[in-house]
Structures are given as C-alpha cells and as structure tokens.
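**Q** Attaching a single structure in structure tokens format; questions to follow.
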Amino acid sequence: MATGSEWRNRCPEYEPSGVISRLVSVASVSGQWAERLDPAHLALHPQDEEQTDEQLAAQLGLSEETLSDLRLVCGVDTLNCLEETNRDVIPEDTDLVTSGIRRKAIESREERLIYDRISRQELFDNEHEMHIVGRKPSKPEDTIQPGELILSVHVYFPIIAFKHKEVKPYLTMLVLGSQKLTDLRDAIKCVSDLQIGGEFSSTPDLAPEHVSKDLYKSAFFFFEDTFYNDMRYPECRNLSRTITEWAESHDRGYGNFKMAKMEDRTFNDMWIKIGCPYLYCHQGDCEHLIIITDIRLAHRDDCLDKTLYPCVIRKPWFRTRKCSVCKLYIVRWVTNNDSFAPDDPSYFCNVCFKMLHYDTDGNKMGEFLAYPYVDPGMFN
Ligand SMILES: [Zn+2]
Ligand SMILES: [Zn+2]
C-alpha cells in the first residue's frame, strides 16, 4: 500500500483542463479518499455509522427530550411547501435546465402520442432499478468492500457513418475497480460474437453448433500504450501483434507498444485518462471505442452484490430487421445472387425463406447463396 505522499505524487490534479483528464492511477482515487474520510464514512452499511440518540444528544449538548422535540419540528416530514405540490408537473418558470429539457420531452411526446406508454429507456431504467439499485447480496462474501471503486464505462458499437450521423449507439456499464479486464470483455455483448460462418443453401436444417465466439476467442483492449490481450484459452492468439509489428517495421514514430494479458489486470492496476477513447477489438476487426467517464467510490445505495457487476445501466435500442416478404417476423436468413428475389442481398424470416426456396420435400430450387443472419435487435 502506498503512503500518503506517494499517492499525492501519483495522482494528477482533480480538474481536467479539457474534455480528457490527465493520466490517473485508478487505485489512487480510492487511496486518497481513504486518507481523507473516516472509516465510518466509507462504510457501506448504515449500522456501521448510525449514531444512537444518546451519542447525538451528547454531541449537540442537549437533553434527549429536547432532541426528540427537535426531531419532531425539524424532521424531513415537515419539509413541505405551503401549497399542495404535484411532483409530476414541472413548473413553467423553472430555472433548472434539466427540468426544462424534461418538460420539452414530455410535451413533444404528448403531441405525438399514439399509445400511452413509457419509452424503452424508461422501461429499461425501471427494470434496472428493480433488479440492481440498493441490492444486497445473499451471501456475505459477495458484498462489496468499503472503499471499492465504481467506474462508468461507455462501450460504443461499430457505426454505419451515414446511419449514425447524429447519435452513436453505446451502452454504459458500471465496473468495479477490483474487477479484471476480462470481466468487462465478457460483459460486452456484440452480434459479431454470434455470427455463424458458412453458406447453407443446400443444408439449411443443419444448424451449425458453434457461433464465432466459440471459435475465435481472441480479443484485446488498448489502453494508453499497452495492448491487453485475452489469453485465457490455449487457442487465443495475440491479435495486436499485427499492429505492433506494423508500427515497428518502419520508423513510424509510435514508440514501443507494450503487451500484457487481459486476465492479469484489474482496473485498479490501470493508469487511464477519463474521457479518453480507448479500443476494444474482437473477432479480428470488430472495433468498439471504450470511454471511461467516471470513477467514484461505491456508496450504500449502490448495488452491493459484486456478482452483479459489470452491470449495464444504459442500452442502445437497435432496430430489428423484418423479413422482406411477410414484413412481420425478424430476419433469419440473408441471400445473395438469389434468382427468386429482386434485391441483393435479400432478407427472409425462416418461414418465408423455406417456402420460397425449397419444394415440399426440402429440395433446393433455383440458384442462391444463403447465410444465417443474426439480428442486432436480439439484445434489446
Ligand atoms: Zn463487436
Ligand atoms: Zn417472412
């Protein structure tokens, strides 16, 4: 454990000058808070901190009767406005920017309202709140330790430039400082991992057993000057080697990159810049930007069950692609050079695909190439 002055030397100034902070040692955040706070303030259970009435009265220099009178007069229940207030109605003259934005969103939704239902993000927030917020673990050994850090991580999805001009789809996860990089890697759900390779027009019923994640397990994170490769399985390859060899092959001015194993590092071991775009790459060329937007101490209202981390707190909504024939079911097949279809590629649900391309005995008709299709909307 580093001493106080060591922490100070290792930790940068608190305020970032621009959007991206200076290099921060993740563990130093916890170290500095531990130095400044009483253990009681770091505690994650109310009983660790709660004062008895007797202690409080002694601290305030009052009798216990006066204390209970004070509690009656100044309690939270007495904090009411004179007028009856409805918390669902946002006042017209509010100075609060977020309330203003919320009011505009509600008004525009009311104008366009067809079905009276909450938005998908609200639905997800409600579900998340039900499952995660304030959750206590069933086994004591799964409890988060006092002083644990929680990092907010944005994971961006590979984008289609013209389609995602305005909004880049990303999900936000909370990760514990003590978790390994592999925990984050396993929590990132991407359709590239579920692709099924191969052409199956002659044998559409022979469903392949393995998705690409089972076959190609290599992946890496790139933080600062280091590639962290996932080397947990014997078949994993060092995917970053091509990049480092390219950088070193001529004097390209990138300096020397370092290598480490993803499974050997926790976030507490890392030095990162908050707000800086880093990289997660898997399946050879599926690249996701990773941005750490916040590092903070866990508090008692957080989910205290460490088995539920990394937990997703925001998800993008992907539009599901519907079958081009029935426009009803989600696409399961994509075809090329299809003698029955006007478009190339064409998208079909399982029922329409079979009806159009095979006779009643299941024999292939016409010429086409067929590939299984995995819809990104499956994670909605
Ligand atoms: Zn991906
Ligand atoms: Zn269909």
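**Q** Can you list residues from other chains, or at least 5 along the same chain, whose modelled amide H is less than 5 Å from the amide H of Phe227?
**A** Lys258, Met259, Ala260
**Q** What ranking of Tyr170, Tyr371, Tyr309 comes out by heavy-atom accessible area, probe 1.4 Å, highest first?
**A** Ranked from most to least accessible, the order is Tyr371, Tyr170, Tyr309.
**Q** Using unit Cβ charges (K, R positive; D, E negative) and no other charged atoms, how large, in debye to the nearest 20, is the dipole of the chain about its Cα centre?
**A** Using Cβ point charges on Lys, Arg, Asp and Glu, the chain gives about 1520 debye.
**Q** For the stretch 179-333, list log₁₀ I(q)/I(0) at each q in 0.18 Å⁻¹, using the Debye formula over Cα point scatterers of equal strength and ignoring solvent, two decimals each.
**A** Summing over Cα pairs of the stretch 179-333 leads to -1.22.
**Q** Pairing the Cα long axis of helix 97-111 with the longest principal axis of the chain, what angle in degrees results, from 0 to 90 and rounded to the nearest 10?
**A** With rounding to tens, the tilt is 40 degrees.
**Q** At 1.4 Å probe size, with every protein chain present, just tell me what the per residue accessible area of the chain comes to in Å².
**A** I get 65 Å² per residue for this part.
**Q** Oh, and also: If you line up the long axis of helix 26-36 against the longest principal axis of the chain, both from Cα atoms, how many degrees apart are they, to the nearest 10?
**A** Long axis of 26-36 versus the principal axis of the chain: about 10 degrees.
**Q** Another one. Can you list, bin by bin at 10 Å, the percent of alpha carbon pairs in the stretch 126-215, starting at 0?
**A** 11, 27, 29, 22, 9, 1
**Q** Which of Glu248, Glu166, Glu287 moves the most in a Gaussian network model of the chain with Cα springs under 10 Å?
**A** Looking only at Glu248, Glu166, Glu287, the largest GNM fluctuation is found for Glu166.
**Q** Could you tell me the extents of the stretch 333-379's C-alpha atoms along the three principal axes, largest first, rounded to whole Å?
**A** The principal-axis extents, from largest down, are 34, 22, 14 Å.
**Q** Relative to the Cα centre, what is the charge dipole magnitude of the stretch 333-379, using +1 at the beta carbon of each Lys and Arg, -1 at the beta carbon of each Asp and Glu, and rounding to the nearest 20 debye?
**A** Here the stretch 333-379 has a charge dipole of around 120 debye.
**Q** Any lysines with Cα under 26 Å of the Lys364 Cα? List them, leaving off those in the same chain fewer than 8 positions away.
**A** Correct list for Lys364: Lys322, Lys327, Lys354.
**Q** Same structure, new question: Pull up the DSSP beta bridges for the chain and report the antiparallel fraction as a percent, rounded to 5.
**A** Expressed as a percentage, antiparallel bridges in the chain total about 90.
**Q** Further, regarding this structure: In the stretch 296-380, which trypsin sites (Lys or Arg not before Pro) are in a loop and have at most 13 other Cβ atoms within 10 Å, using DSSP for the loop call?
**A** When the trypsin sites (Lys or Arg not before Pro) of the stretch 296-380 are filtered for loop state and at most 13 Cβ neighbours within 10 Å, Arg319, Lys327 remain.
**Q** Report, by chain and number, residues whose modeled amide H sits under 5 Å from the one on Ser201, excluding near sequence neighbours (fewer than 5 apart, same chain).
**A** Answer set, sorted by chain and number: Ala370.
**Q** Quick one: compute a quarter of the convex hull surface over the Cα atoms of the stretch 232-313 and quote it in nm².
**A** 7.8
**Q** Where the accessible area of the stretch 289-380 is counted over protein heavy atoms with a 1.4 Å probe, how much of it, in %, is carbon and sulfur?
**A** The C+S portion of the solvent-accessible surface of the stretch 289-380 is 54 percent.
**Q** Let me ask you something else. To test your reading of the geometry: what angle, between 0 and 90 degrees and rounded to tens, separates the Cα axis of helix 64-74 from the longest principal axis of the chain?
**A** 50
**Q** A follow-up question, please. What Kirkwood Rh does the chain have if only Cα atoms enter the pairwise 1/r average? Answer in Å.
**A** This gives a value of 25.8 Å.
The values are calculated or read from the model by the stated rules, or taken from the named source; none is laboratory data. In this text the structure is predicted, and so the values were computed from the model without any measurement. Every residue, glycine among them, receives a Cβ derived from its backbone with ideal geometry; neighbour counts consider all protein chains shown. Accessible surface is based on the protein model in full, side chains and every heavy atom, while ligands, DNA and RNA are left aside. Shrake-Rupley method; radii C 1.70, N 1.55, O 1.52, S 1.80 Å.
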